[in-house]
1. Being crowded, with 18+ Cβ neighbours inside 10 Å and of a type outside the set (F, W, Y) is the requirement here; does T203 meet it?
2. Does G297 satisfy being assigned to a helix (DSSP H, G or I) and in contact (Cβ under 8 Å) with a residue 24 or more places away in the chain?
3. Could you list all residues from the range 266-282 that are buried (at least 24 other Cβ atoms within 10 Å of the Cβ) and either touching a Gly at 6+ places or on another chain (Cβ under 9 Å) or outside any helix (DSSP H, G or I) (or both)?
4. Can you tell me which residues in the range 2-34 are of a type in the set (D, E) and not in a loop (DSSP other than H, G, I, E, B)?
5. Residues being within 18 Å of D191 (Cα to Cα) and outside any helix (DSSP H, G or I): count how many of those fall in the range 240-265.
6. So P237 fits all but one of (1) more than 22 Å from G362 (Cβ to Cβ); (2) at pLDDT below 90; (3) outside any helix (DSSP H, G or I); what number is the exception?
7. Given the conditions (1) part of a helix (DSSP H, G or I); (2) over 15 Å from the mean Cα position of the chain (by Cα), which single one is not true for G327?
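The values are calculated or read from the model by the stated rules, or taken from the named source; none is laboratory data. Note that the coordinates shown come from a computational prediction; the quantities given were computed from them, not determined experimentally. Glycine gets a Cβ as well: all are built from the backbone with ideal geometry, and neighbour counts include every protein chain shown.
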Amino acid sequence: MTLSAERQKLILSAVRQHGAVRISDLVERLEVTAVTVRRDVKELADRGLVARVHGGITLPQRPESNDQPGIDGNPVTGSTRTRTLAGMVTPSVEYYWPAVIKGAQATTASSSGRLVLRASSYDSTEDRRQVAKLLEHGVQVMLVAPTTTGNEGVELLRWLGSLRVPVVLLERLPPPELPALALDAVTSAHDVGAGLAMRHLITLGHRKLGILTSRSSPTSRMLRRGWREAIDSLGIPDTDDLEVEVPTYGSAGWGDAYDDVLRRCRRENTTGLLVHSDREAVGVVERARDLGIDVPGELAVLAYDDEIAAAADPPLTAIRPPKHRVGALAAELALTRTVENSDRPVHRVQLWPTLHVRETCGAAENTELPAR
């Protein structure tokens with residue numbers, strides 16, 4: 001048995017015996033540095049064997065009452081208040097996120113609470129700074145869409161899991177490194193949305209399909225995964241060669257890049273595209289028109305997000321994630337944690353997107369649509 005394994009065994013024994021143990025007591029008992037103890041505690045907490053609280057650790061089971069004291073003698077969660085102050089940190093306040101924010105704001109207001117918003121920038125350090133500022137402001141619950149990738153993202157999630165206020169993740173899930181992180185989460189099933197898009201195209205008679213994404217984001221990654229899963233489950237010809245990442249609409253060189261993709265579609269007889277997101281789908285339709293490719297006659301286009309799709313020319317068929325509902329339900333989960341018994345189980349809620357059919361998804365050439 002390694003030294004770290006022996007220390008962790010002693011730590012588990014101590015916390016089972018006493019229920020809660022201070023970090024300083026473990027340092028003295030194990031005769032090692034505080035850094036070593038915290039490293040062992042972090043490993044145990046990641047495996048779900050202990051729960052970290054301010055100044056120490058406890059058994060992972062939460063106390064039966066909201067008023068049961070923690071390591072420092074203060075309540076683990078504050079008592080119920082008539083007006084809850086909710087904090088929210090999103091990676092942006094533009095495109096996609098406004099609807100999520102409005103959903104959270106509506107639910108908080110309906111419970112006589114108030115939502116305080118801070119914007120981050122897809123950066124774990126900035127995420128943590130903004131959350132800390134809200135905690136200083138006195139928020140009682142937190143809604144966060146944090147960065148979850150890399151070592152910094154994992155450390156950020158560990159920290160969020162140690163906070164003394166309820167935390168609900170928005171459109172994010174803990175990575176495999178943190179299988180026992182006890183945080184509620186509300187997410188959109190973007191992979192299901194990709195499958196809905198593919199199935200819609202197939203029912204219209206399209207068989208050679210492609211997916212275009214504009215940037216590396218959690219949404220894009222889930223869309224590509226769902227697209228590949230749909231290919232496998234439906235047994236259609238492999239379309240991995242038409243899984244393309246294109247420049248953001250309006251950025252340098254975007255027109256030439258879109259033209260290259262459209263010429264490739266014509267050359268390879270691709271008749272249906274899922275495009276993330278709306279603005280990129282608008283660009284695809286615009287360049288297709290310039291190249292003499294008829295939409296939807298020769299090429300069907302679906303947008304993913306449905307922010308501005310209905311205003312496109314022609315109006316874009318789109319998959320719409322339930323953005324407003326994501327925010328509303330996340331706020332509901334957070335507020336419920338302030339009033340319910342603290343042994344409430346962790347909630348991981350996944351909401352399905354919906355398909356909105358407009359004018360850019362005709363049938364493939366020489367395909368007769370079924371009667372409706």
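1. Answer is no for this residue.
2. no
3. Listed by number, the residues that qualify are T271, G272, L273, L274, V275, H276, S277.
4. E6, D25, E28
5. Here the count works out to 3.
6. Of (1) more than 22 Å from G362 (Cβ to Cβ); (2) at pLDDT below 90; (3) outside any helix (DSSP H, G or I), only one is false for P237: (1).
7. Looking at each condition in turn, G327 falls short on (2).
Residue by residue, here is whether (1) more than 25 Å from the chain's Cα centre (by Cα); (2) at pLDDT 95 or above holds:
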position	(1), (2)
V244	no, no
V275	no, yes
A288	yes, yes
G292	yes, yes
